[in-house]
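The values are calculated or read from the model by the stated rules, or taken from the named source; none is laboratory data. All of these numbers come straight from a predicted model, not from anything done at the bench. Glycine gets a Cβ as well: all are built from the backbone with ideal geometry, and neighbour counts include every protein chain shown. The area values use the complete protein model at the heavy-atom level, side chains included, leaving out ligands, DNA and RNA. Shrake-Rupley method; radii C 1.70, N 1.55, O 1.52, S 1.80 Å.
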Amino acid sequence: SGKMMYLGLGLGALMIVVGAAPYWLAPKVGPNPWFGARTGYSVASKEVWDATNRATGLGIAACCLVEALLGVLFPLLPVDQNTAGGILVGWMILSILAVSGWSVLYSRRLAQKTQLARDLRPVALRWAYVTPSLASAALFLAYAIYLYPQLPATHLATHFDLAGRANGWMDRNEFYVFFLGLGLLLTLLDVVVVFWATREPLIAIDRLGSRWWMSPERGLIFLGIIMAFLNLMFV
């Protein structure tokens, strides 16, 4: 239907904006906390930052073209509206995740040639790095278990319009898989980065411009606090 075409074109346009920010603005602004491909590796040098962000922007732009093409094709194909909408949203999420993963690998390859990579030493493993995210994940899980029998088994409101009226529903198990899955994924990501930093500390560094610098050890603590904050938001 026409709705799917507009949805595909709208999501494609959104991805163009998301891709334009790292491609055009990030090299001009430099490392910043608001936008850009911040992978740890990407801030190893200005050259790595620029190359990573331009490549990431191009990758997102390519995905947005596919998104827009799907939106145009679906009205011509025997696909129902719910399935088409799910594919469009799913493609957007999966493509951004894929480009993000590729961005990490690409920036890693570039950063390993920098002087900073040769100067840094592996990070010693400390429980303090993962304690915030693990503790918040445990709280999230405990609260979810407590609430489970109190929620309706079916027709659980999970989306609301601007007026506060429910316009989307899931059953209880779908709701739990989605939100618990997100929280546990963030915690797992934190743990993986910590173990990764014991071999390649570049993944945990942070930088704003040429002056402010965060060591791998402080970067891991900062990451753990951010992941814990997100888990608390889910709670």
Roughly how many Å² of residue 226 are accessible to a 1.4 Å probe, to the nearest 10?
-> 70 Å²
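On a full-extension model of 0.36 nm per residue, what is the gain between residue 89 and residue 199, subtracting their alpha-carbon distance, rounded to one decimal in nm? Intermediate results must be reported in sequence, preceding the final value.
Numbers: separation 110, 0.36 × 110 = 39.60 nm, distance 3.60 nm.
Length gained between residue 89 and residue 199: 36.0 nm.
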To the nearest 20 debye, what is the magnitude of the charge dipole of the chain about its Cα centre, counting +1 on the Cβ of each Lys and Arg and -1 on the Cβ of each Asp and Glu?
-> 800 debye
Would you mind putting 45-58, 164-177, 65-78, 127-140 in packing order, based on average other-beta-carbon counts within 10 Å, highest first?
-> 45-58, 127-140, 65-78, 164-177
Quick one: grab Rg to one decimal and Dmax as a whole number for region 15-84, Cα atoms only, in Å.
-> 16.0, 50
Helix 131-147 axis, angle to the chain major axis (alpha carbon atoms, nearest 10°) | 20 degrees
Towards the positive end of the charge dipole of the chain, with charges on Cβ (+1 Lys, Arg; -1 Asp, Glu), say which of 85, 29, 103 has the farthest Cα.
-> 29
Residues residue 105 and residue 174, FRET efficiency given R0 of 30 Å [Cβ-Cβ distance, rounded to 0.05] | 0.40
Which value at 222 nm does the chain reach when only helices count, each DSSP H run of 4 or more adding -39,500 (n - 2.57), with the total divided by all residues and rounded to the nearest 500 deg cm²/dmol?
-> -21500 deg cm²/dmol
What does the convex hull of the alpha-carbon atoms of region 50-146 project to on average, in nm²?
-> 10.6 nm²
Skip the ligands, DNA and RNA, and give the accessible area per residue of the chain with a 1.4 Å probe, whole Å².
-> 59 Å²
With +1 at each Lys and Arg Cβ and -1 at each Asp and Glu Cβ, the charge dipole magnitude of region 160-229 around its Cα centre, to the nearest 20 debye, comes out at 240 debye
How are the C-alpha pair distances of region 139-178 spread across 10 Å bins, as whole percents from the shortest bin up?
-> 28, 48, 23, 1
What is the helix-to-structure angle for 2-20, meaning the angle in degrees between its Cα long axis and the longest Cα principal axis of the chain, kept from 0 to 90 and rounded to the nearest 10?
-> 10 degrees
Of the convex hull drawn through the C-alpha atoms of the chain, the volume per residue in Å³ is 142 Å³
Nearest 10 degrees, 0 to 90: helix 172-197 Cα axis against the chain principal axis | 10 degrees
To the nearest 0.05, how large is the calculated FRET efficiency for residue 119 and residue 189 if R₀ is 35 Å and r is the Cβ-Cβ distance?
-> 0.85
With no solvent and one equal point scatterer per Cα, compute the Debye intensity ratio I(q)/I(0) for region 104-177 at 0.11 Å⁻¹ and report its log10, rounded to two decimals.
-> -0.62
